[in-house]
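> Below is a structure I'd like to ask you about.
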Amino acid sequence: MTIQLREQWTGVTETPTDRKSAAVDDSAAVLRDANAMLDGDEVCSVAEAGSAKTAGHRRAVPALEFRNWGYRHASRRDFAVRGLNLAVQPGEHVLLLGASGIGKSTILCGAAGLLGDDEGPVRETDEGDVMAVEDADGGVTEGSIAVAGVPVHRAQGKVGLVLQDPDAQAVFQRLGDNVAFGPENLDVPRDEIWRRVDDALDAVGMRGVQLTRSVMHLSGGQMQRLAVAGALAMQPDVLLLDEPTANLDPDGVDQVVAAVGDALELTGATMVMVEHRADAWIDLVDRVVVLGATDDGEGGGDAGIVPGQDGRRTVVVADGRPEDIFADPSIDFAGLGIWVPERYRRAGDAIGAIHTADEPDYPAWRGTGEPVLTTSGLAIGRNGQPIASHLDLEFRAGQITALVGANGAGKSTLSLTLAGLLEPVTGEVVAAASLADGARGTWPVDWTSRQLASRISYVFQNPEHQFATSTVLDEVMLGPVRTGMAEADARQLATGLLRRFRLDQYAAANPYTLSGGEKRRLTVAAALAAAPRVLILDEPTFGQDRRTWMQIAELIHSLRGDGVSIVVVTHDRDLVTALDAKVIELVPEQCTAEWNGAGREPVPAAGGQDRPGRDSRKQNRRETVVPVTQVNERYEEPKSSSRSACLASINPVFRLGGAFLVSLPMLLSLDWVSAGVACLLEFLVLAAIGIRPWRAIRSTWPVFIGAPCSALAVLLYGKSGGDVWWQWGMMLVTDRSAELAVATALRIVAIGMPAIIAVLGIDATDLADGFSELLRLPDRFVYGGLAGMRLFSVLQDDWTALTASRRSRGLGDDSKIRQFFPQAFALLVLSIRRSTTLATAMQARGFGGTGPRSHARASEVHVRDWIFLAASLAIPVLALVATAVNGTFSFFGN
Amino acid sequence: MSTSTSPTSPATSVTVTSRARLKWRVVDIAVASVIGVASALIYWGVALVTAAPWNLLEAILPGLAGIMNGLWLFAGPLAAVIVRKPGAAIYAELVAAVLEALLGNQWGGGETVLIGLVEGVGAELAFLFVLYRAWNLGTMLLSGALSGVASWAYSFFTNLQAIDVTGSYGVVYLLTSVISGMLIAGLAMWFLYRAIARTGALDHFASGREVRGLN
């Protein structure tokens, strides 16, 4: 495939920079054309501020209408969107296009009712309906948005929004609960909720899926279908999609497009979507709106494309059917940073192999010289479980290799193993003598962090996994300084790289504050600064508009001249074409390779399924197929919430209550009799409900560590009395202190052991349901807290990635403590960003309002729950009675 | 097709309303709870690695180990100074404690929730004293110190009943807990919050915009 594409398109690429100036000149003409087109269009509805009122009763009320709408985020000086007028008719499927930074996501958030609020005073200006209101977020709203004629903030549930990051949208651990969340927030009755859940899952092709299944093991495509189902369950009239497929592999994209297509057909909903790469969606779209910006005061006649200028207004540059818009020669799509769907591509829009005058004379897919990195008999996997084996691959200087394959096929596992960041399961990754020179052995995984940093660099998919300093300049200087370069030289090198990557104006800025494309360029610059011989990039072009995409592709191409061996992990076919890369495809067993001429004319060189071993060694091969073990469709046994079936059947709130009742009364008396009796009773009761003593001790081991520590403190410094056993300095061991020490240790066990076992394993969602329904705690806080807890597992993955990235950057040799704090800081920043996105996702499902909420799951209380409480209380009561009878009761240890 | 680009002159007057300063938004809840969750992860790790040094410090000077108590107290002041809503310190400590309880630790499941509540209330008091108006280093230090006092009081109410509170151990433990609370939960969290704010992650919050000079 790559051969053909290259030949077809060689020489016809044009860089967007060449065309940018033309775009500005053209855009006024574009605007006139667009308006002319609109005038002649019979379906044209009116959004002209003045005539909207008269037009309202002539035709159907628009499903969604922006009137002079604008929004300025609290952290920005300029409006993201301003003066937007746009009406979408019921049933229309609209694709919104425009360069990054033009405010497309802001528009969708506004349409979903997530920006601004309708509380507080509103002031109208002399301009009529343009008003500026500051909201609790500190943002400023102008104008208005109406959903079917109703102000957006009063149209709760009429609009469903699906966001880009699938992981960020799951609030609950269990699949079904996520779909039920929206209807719950709309106060839909319980029976109706589960009917809607079934229908919504059906609509996205997930009929009959196990509702209790964990979202942890879903693929990106499945997660995103789940997000669509979650939005559909609210039965919205308008479905908004914000780059719903940007993070997915081709198979995932197909799944989501099909799901949305079916759902739209079924519901007749209106759709508005933003997507940079709209190829797969183009059949669903019946209207394309191209956005641009114009300078203020020019009356909208002088449309430009430069975002970020104060006083600019958002304008519609073109609007019409896809076939008309994309065929319009006067619109400079490349200049606007827009990807034209493949079907409509003209010669100038097509992506071909990049060629520059200074490139080496050997092809990128072949490279030059001896391999710098070789794998032999390599099996890769995490936790010792191989997902692909018998990998024999070679990577040469000046070569570009693309690792491709479906999500979950193991591309990242392979690339991390190549980078010396993950232990091979079996076999080896061997560095050539030229690369390993001066390092500890020839296996990258054995090298120290510093040795690795100057030889193999890894650019992570999420740039925020990689940042380690507080300024852009330091970030680039880090690698060279770590690998022994003098500070001044490192500064000079870093400054040069920043200039080359057009980041020099941000040298003093905090890396986290850059835009997505800038962050990506910075991570590449920082990786290059350490002068690695091998550079591995994980999904370098995710979510980039056409302009930044081009910049990144050209950047990678230019590195070839430096003799770097480049490995790119990607789904992006255009990138492989542009880089003219050798392709290694990881294919799950029983699946067919997608990249070897599937659905296209056969490529003679690729000839079906290669056996890796021998064949892939041939350097004239452009494609290699590597079979990996199947990613299983799982069925999960519902997880029991306790080792004891009896305990598992108790309501979680009662279990927590029991934990208090069994432990707190014990605080009344500190003596060895009550503590001993309680311990004894507890072991008996636990054994009776199926937890043997040894098991009880094992699952509460921290208590058995804590108890002797406290006992020791009491022994040495506790209240004294009776014979003095030993004295040294402030330490005084007496009859009384020894007795109290024994009592303290026993009591810590008596209090801790049952309290831990009672709650250990409780499902957080079930506990939250109980808090909400039985204890009547406010839902906002209960479910907000629950959503935060779901991030716990995500944060553990983040921590793993942070550890790997720090090793890759030469920070892994520091002491554990010196590593811990910066890494913990990075984790906190990541978690705050994730929770901010989560809040948006939850609000998009109608969460956070003050109205009533229904509950999809009932927190049930049975007689056995009350018996459990009584039994919990009985243990300390019996123990205290025993000590009272015995005459050893000792109130608070006095 | 229904669009136009009607030119209107800019809305120059921006109405700034001072409503709902103390009302919790969803993003406040989400960020406070995630601070709790991340803290729980760190508390849990700290509990594992401090067991040995704890005994060493106790051997040097009885009660000296209290100097590590601040490592379990930072969630409250951090959440409070970031989201700036009433109850933020209590909420974050409670979320951390519930998660710790579900994971299981040496203070027992149910009891952890109680400890979290007590320490959260201690941290919260400082912000209540200033009526949620002063968000500065002084309030943070007070918050950390009060949280330390709460932690000390809880220990002597429960595990250390057998030790005389007014004796040297009790006094040393109180001093070290308060100092630790001030330094780790107060001082360090103040600078941590400033550092997080500079990354732009707190732009949704008045606290973050203040640091970045965006207000």
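The values are calculated or read from the model by the stated rules, or taken from the named source; none is laboratory data. In this text, all values refer to a predicted model and were calculated from it rather than measured experimentally. Note that we place each Cβ from the backbone using ideal geometry, even for glycine, and neighbour counts take in every protein chain shown.
> Can we say A:LEU760 is more than 7 Å from chain B (Cβ to nearest Cβ), more than 21 Å from A:PHE891 (Cβ to Cβ), surrounded by fewer than 23 Cβ atoms within 10 Å (Cβ to Cβ) and in contact (Cβ under 8 Å) with a residue 12 or more places away in the chain?
No: the conditions fail for A:LEU760.
> Now for a separate question. Quick one: is A:ASP538 within 23 Å of A:GLY98 (Cβ to Cβ), within 20 Å of the chain's Cα centre (by Cα) and more than 14 Å from every other protein chain (Cβ to nearest Cβ)?
So A:ASP538 does not fit the description; no.
> On the given criteria, is A:PHE704 part of a helix (DSSP H, G or I), farther than 24 Å from A:ASN894 by Cβ, in contact (Cβ under 8 Å) with a residue 40 or more places away in the chain and hydrophobic (A, V, I, L, M, F, W, C)?
So A:PHE704 fits the description; yes.
> Okay, next question. Starting from residues that are among the aliphatic types (A, V, I, L, M) and assigned to a strand (DSSP E or B), keep the ones in region A:161-185 and report whichever is farthest from A:GLY516 (Cα to Cα).
Across region A:161-185, the extreme among qualifying residues is A:LEU161.
> I'm trying to understand the selection: among the residues of region A:717-740, which are within 7 Å of another protein chain (Cβ to nearest Cβ) and either in contact with an Asp or Glu (Cβ under 8 Å, 6 or more places away or on another chain) or surrounded by 17 or more Cβ atoms within 10 Å (Cβ to Cβ) (or both)?
A:TYR717, A:GLY718, A:LYS719, A:LEU740
> If you check A:THR442 against the conditions, is it more than 29 Å from A:GLU359 (Cβ to Cβ) and in contact with a helix residue (DSSP H, G or I) (Cβ under 8 Å, 6 or more places away or on another chain)?
Yes.
> Ok, one more. Just for region B:164-215: of the residues that are more than 10 Å from every other protein chain (Cβ to nearest Cβ) and in a loop (DSSP other than H, G, I, E, B), which one is surrounded by the fewest Cβ atoms within 10 Å (Cβ to Cβ)?
Per the criteria, the residue is B:GLY213.
> Go through region B:29-46 residue by residue and tally those that are within 26 Å of A:LEU115 (Cα to Cα) and surrounded by fewer than 24 Cβ atoms within 10 Å (Cβ to Cβ).
0
> Just the residues that are at pLDDT below 85, farther than 15 Å from B:THR112 by Cβ and facing chain A (nearest Cβ under 8 Å), please, taken from region B:34-55.
B:ALA51, B:TRP54, B:ASN55
> Does A:LEU746 satisfy the condition of being among the hydrophobic types (A, V, I, L, M, F, W, C), closer than 22 Å to A:PHE889 by Cα, under 52 Å from the mean Cα position of the chain (by Cα) and more than 11 Å from every other protein chain (Cβ to nearest Cβ)?
yes
> Across region B:76-88, which residue is nearest to the other protein chains (Cβ to nearest Cβ) among those that are farther than 9 Å from B:ALA32 by Cβ and surrounded by 24 or more Cβ atoms within 10 Å (Cβ to Cβ)?
B:LEU78
> Suppose we filter region A:431-442 for residues that are free of Cβ contacts under 8 Å to residues at least 60 places away in the same chain and either assigned to a loop (DSSP other than H, G, I, E, B) or crowded, with 19+ Cβ neighbours inside 10 Å (or both); how many remain?
So the answer is 8.
> Which of the residues spanning region A:763-785 are at the interface with another protein chain (Cβ under 10 Å from one of its Cβ atoms) and without any contact (Cβ under 8 Å) to a residue 24 or more places away in the chain?
Matches in region A:763-785: A:ALA768, A:PRO778, A:PHE781, A:VAL782, A:GLY785.
> Looking at region A:443-473, which of its residues are among the aliphatic types (A, V, I, L, M) and touching a residue at least 60 places away in the same chain (Cβ under 8 Å)?
A:LEU452, A:ALA453, A:ILE456, A:VAL459, A:ALA468
> Within region A:271-284, how many residues turn out to be buried (at least 19 other Cβ atoms within 10 Å of the Cβ) and over 27 Å from the mean Cα position of the chain (by Cα)?
Residues flagged as buried (at least 19 other Cβ atoms within 10 Å of the Cβ) and over 27 Å from the mean Cα position of the chain (by Cα) within region A:271-284 amount to 0.
> Sort out which residues of region B:43-78 are in a loop (DSSP other than H, G, I, E, B) and more than 19 Å from A:PHE792 (Cβ to Cβ), and write them in order of number.
B:THR50, B:LEU61, B:PRO62, B:GLY63, B:LEU73
> Against the definition (closer than 18 Å to B:LEU56 by Cβ, part of a helix (DSSP H, G or I) and at pLDDT 85 or above), how does A:ALA711 come out, yes or no?
In short, yes.
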